[in-house]
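Reading through the structure tokens given below for one structure.
Rule-based calculations on the coordinates, nothing more; no lab input. Everything numeric in this text was worked out from a predicted model, so none of it was measured. With ideal geometry, Cβ positions are generated from the backbone for all residues, glycine too; neighbour counts draw on all protein chains shown.
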Amino acid sequence: MPSGSSEPKHQRKNLTIQEKVKLLDMLWEGKRYADVARHYGLNESTVRYIKKDEKNIRATTSLSFSQTGKRVATPQNKAIIKMESHTNVYLYGVSISRIFTYR
């Protein structure tokens, strides 16, 4: 392909965690992999990979502060995860109240 080609590159489709949960729910309802893949514009193998990673995806949604994130976090240490969750809640509260303290 010449370097001056005007054809756009193929854009990679990244689903948010929330979309992945909805995809998993569709599979749970009994929809076929091919139908779910068509609905989201993905390959069937991608849907199967998401299904294979269901445990981590659902764990991320239960721990995640942001439902619009696109990465799945694999929990390593429950104490660290709990601390990060509390820190996120605190930082969100600070950003809402616009209170900033510098010492």
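The lysines within cross-link reach of Lys13, meaning a Cα-to-Cα straight distance under 16 Å and a gap of 8 or more places when in the same chain, are Lys22, Lys70. The ranking of Ile57, Ile96 by Cβ neighbour count inside 10 Å, starting from the fewest, reads Ile96, Ile57.
Suppose R0 equals 30 Å. What FRET efficiency, 1/(1 + (r/R0)^6) with r the Cβ-Cβ distance, do Asn77 and Lys52 give to the nearest 0.05?
Working: r = 24 Å, r/R0 = 0.79.
The formula returns an efficiency of 0.80 here.
One chain, two ends: Asn43 and Ser95. Fully extended at 0.36 nm per residue, the span grows by 14.8 nm beyond their Cα-Cα distance.
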